[in-house]
Amino acid sequence: MTTPSIAVIGAGFSGTLLALHLLRRCPPHTRVTLIERNRRFGRGMAYSTGNPNHLLNVPAGRMSAFHDRPHDFLDWLQRQPEEELGGLQPNASSFAPRHLFGAYIRSLLNEEIRAPESRDRLVLVRGDVQAIDRSGHPIILHLDRGEAVEADLAVLAVGNFPPRPPPIADPSFYDSALYRPDPWAAEALADLDPASRVLLIGTGLTTVDMVVSLLDQGHTGPIHAVSRRGLLPRRHQAGPPAALAEPIPFPTGLMALTRTLRREAERAIEQGGTWQPVVDALRPFTQDVWQAMSLTDRARFLRHMRPWWDVHRHRMAGPVADRIDAARQSGQLQLHTGRIQGYALHDGMADVRYRPRGSDRMACLQAARVINCSGPDADYARIGDTLIRGLLLDGTVRPDALRLGLDVTGTCALLNASGAISRRLFAVGPVTKGTFWEMTAVPDIRRQCELLAQHLAALVGAPAVIAQPVSARPEAFTYMI
Ligand SMILES: Cc1cc2nc3c(=O)[nH]c(=O)nc-3n(C[C@H](O)[C@H](O)[C@H](O)COP(=O)(O)OP(=O)(O)OC[C@H]3O[C@@H](n4cnc5c(N)ncnc54)[C@H](O)[C@@H]3O)c2cc1C
């Protein structure tokens, strides 16, 4: 009997969870190889932070890795020794440190590694997949250091890429020592004079993390943050989930949908509630709405409304919002609205020129360090990553129409340059955003992993399962990220 094999490229949250589900659903002789270029499996970009004040923006009660065991993460937290929790009293509504969620995912992987039934079935490989040769069968993944992994099927779970710098006429500043391209790199805040002036590019959740890190390391100097609209994520508000007033169907035209949500939010506020549950009530339908919307409306949404959607949808945990509010009130944190136009270096400082929104005059900010916090780069057509570049160049994959990731079908199969559907290459996680839009937070990705594992298990010969589109709506109505 031949051994079916599935390789998963990337062991962040998406790849690790997919591997765990594959082990459960595939025939017992299937081999699952999980490949990660970094030292730490199971954490990825989001959950590698060592800072205990970088909190999850979803309450612990909703962060289980398994939708059919909704309290798994909370139960795990409650089993941890007190000293590991750093003062957290875990309950369903607490916002736990992100590193603890990374430890939870890693512990699930460890359990699987130790399970006798996983012996010879789960293989962890440390390496950087640089190319995929699909000219024969099996496909061959070429790794750095000349290694190779063979597999019948492969899944890209390559996740988020570091932010792209704002485009400017002379990009030489981006090679200078004052610029930090990756806010998650250890050196982003290293060797910084605590009294110095810092400029953060972006005003989203990454900027919020960086402000928290700066405050934690005793930074007293001014912190400036600039983005095109200057919008900060809103704060989570505890409250009962809202039922929409009229159970009317959700419109899928952009303007009509916007009007409906505004009307519902105003009504909720008039009745003494808050707008947050109205945004959350759309969650189970967001993927359906996105897929039903015309391409023109999706493009208009991205051009005009995305920043507004992002700050209302991806919100700050209360304790984090308190610190950000205090920093703004004291004047230490200042937000600016505009587009960066260029930089000049003098006397060890950067003059950052930007055009304030709605103005035809330039303004200038001085900073001793400029950190790019503009959020993960999703335009795969421009990403310099060796594997993705190669796959795009040889036409194995193509960017989706809106350049949010790679083009995939409803069952996560990758489409090639001419639109043909691969039967051997798949993708999972944020890379599939173009098709699903809502594929960022844990509740959505975990559902996608379960459904994709079921589909792949059928392809490698598990007893017949009818493949469901992985866009199948999430199981509950009260997501809060
Ligand atoms: C800072 C941040 C905070 C977040 N906070 C929350 C939150 O509180 N709650 C929530 O629900 N969601 C949150 N999210 C969203 C979500 O949980 C993540 O986006 C999710 O973890 C995505 O996981 P991933 O595995 O797809 O991607 P990643 O975490 O980016 O992992 C991809 C992995 O693939 C590896 N890789 C890439 N290419 C290769 C290659 N060629 N060869 C080998 N390995 C490769 C990378 O090294 C990486 O480890 C957050 C996201 C970010 C960025």
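The values are calculated or read from the model by the stated rules, or taken from the named source; none is laboratory data. Predicted model, so just to flag it, every value in this text is computed and none were measured. When we count neighbours, we look across all protein chains shown, and the Cβ atoms used for this are built from the backbone with ideal geometry, even at glycine. The protein model used for the area step is the full one, side chains on, heavy atoms only, and it has no ligands, DNA or RNA in it. Shrake-Rupley method; radii C 1.70, N 1.55, O 1.52, S 1.80 Å.
With a 1.4 Å probe and every protein chain left in place, tell me how much accessible area H224 has, in Å² to the nearest 10.
We get 10 Å² for H224.
Near M63, within a Cβ-to-Cβ distance under 13 Å, what is the net charge of the other residues, with Lys and Arg +1 and Asp and Glu -1? Could you put the intermediate results ahead of the total?
Working: positive: R62, R69, R98, R446; negative: D72, D75, D444.
Result for the neighbourhood of M63: +1.
Order T411, T386 by their accessible area, 1.4 angstrom probe, all chains in place, largest first.
Solvent-accessible surface, decreasing: T386, T411.
In what sequence, largest accessible area first, do R98, R40, R119 appear using a 1.4 Å probe? The partial results should precede the final answer.
Details: R98 30, R40 95, R119 170 Å².
Heavy-atom accessible area, descending, gives R119, R40, R98.
Give the shape of the range 254-313 as rounded, prolate or oblate, defined through the alpha-carbon gyration tensor: a ≥ b ≥ c are the square roots of its eigenvalues, a/c under 1.5 means rounded, and otherwise the shape is prolate if a/b is larger than b/c and oblate if not.
Details: a/c = 2.07, a/b = 1.86, b/c = 1.11.
Judged from the Cα gyration tensor, the range 254-313 comes out prolate (a/c at least 1.5, a/b above b/c).
Going by a ≥ b ≥ c, the root eigenvalues of the Cα gyration tensor, does the range 191-234 fall in the rounded group (a/c under 1.5), the prolate group (a/b larger than b/c) or the oblate group?
Details: a/c = 2.81, a/b = 1.75, b/c = 1.61.
Prolate is the answer for the range 191-234, as a/c is 1.5 or above and a/b outweighs b/c.
Is the shape of the range 66-203 rounded, prolate or oblate, going by the alpha carbon gyration tensor and its root eigenvalues a ≥ b ≥ c, with a/c under 1.5 for rounded and a/b larger than b/c for prolate?
Oblate is the answer for the range 66-203, as a/c is 1.5 or above yet b/c matches or exceeds a/b.
Calculated FRET efficiency, E270 and M305, Cβ-Cβ r, R0 22 Å, to nearest 0.05?
Efficiency for this residue pair is about 0.40.
Roughly how many debye, to the nearest 20, is the charge dipole of the range 254-313 about its Cα centre, given +1 on each Lys and Arg Cβ, -1 on each Asp and Glu Cβ, and no other charges?
Charge dipole of the range 254-313: 220 debye, to the nearest 20.
In nanometres, what is the gap between the two model label sites at R339 and A131, each 7 Å from Cα along Cα-to-Cβ?
Those two pseudo-labels are separated by 3.9 nm.
About its Cα centre, how strong a charge dipole does the chain have in debye, to the nearest 20, once Lys and Arg get +1 and Asp and Glu get -1 at the Cβ? Before the final figure, lay out the partial values.
Details: 54 positive and 48 negative charges, 197 e Å.
Computed about the Cα centre, the dipole is about 940 debye.
Would you mind working out the accessible area per residue for the range 254-313, using a 1.4 Å probe, and quoting it in Å²?
With all protein chains present, the range 254-313 gives 49 Å² per residue.
What does the charge count near L153 come to, summing +1 for each Lys or Arg and -1 for each Asp or Glu among other residues with Cβ under 14 Å from its Cβ?
+3
Quickly work out the M362-to-A115 label distance, labels modelled 7 Å from Cα along the C-beta direction, and quote it in nm with one decimal.
Distance between label points: 6.0 nm.
As a test, work out the antiparallel percent of DSSP beta bridges whose residues both lie in the chain, rounded to the nearest 5.
Here the antiparallel bridges make up roughly 45 percent for the chain.
Lys and Arg at +1, Asp and Glu at -1: add these up for the other residues within a Cβ distance under 14 Å of G342 and post the number.
Charge balance near G342 sits at +1.
Please list 3J(HN,Hα) in residue order for the range 148-163, calculated via the Karplus relation 6.51 cos²θ - 1.76 cosθ + 1.60 where θ = phi - 60°; whole Hz, with x for glycine and proline.
Ordered by residue, 3J(HN,Hα) equals 9, 10, 9, 7, 7, 10, 9, 10, 7, 10, 7, x, 9, 10, x, x Hz.
Which percent of the accessible area of the range 154-229 is formed by carbon and sulfur heavy atoms (probe 1.4 angstrom)?
54
Given S107, L56, A327, which one lies farthest toward the positive end of the charge dipole of the chain, if we put +1 on the Cβ of every Lys and Arg and -1 on the Cβ of every Asp and Glu?
A327
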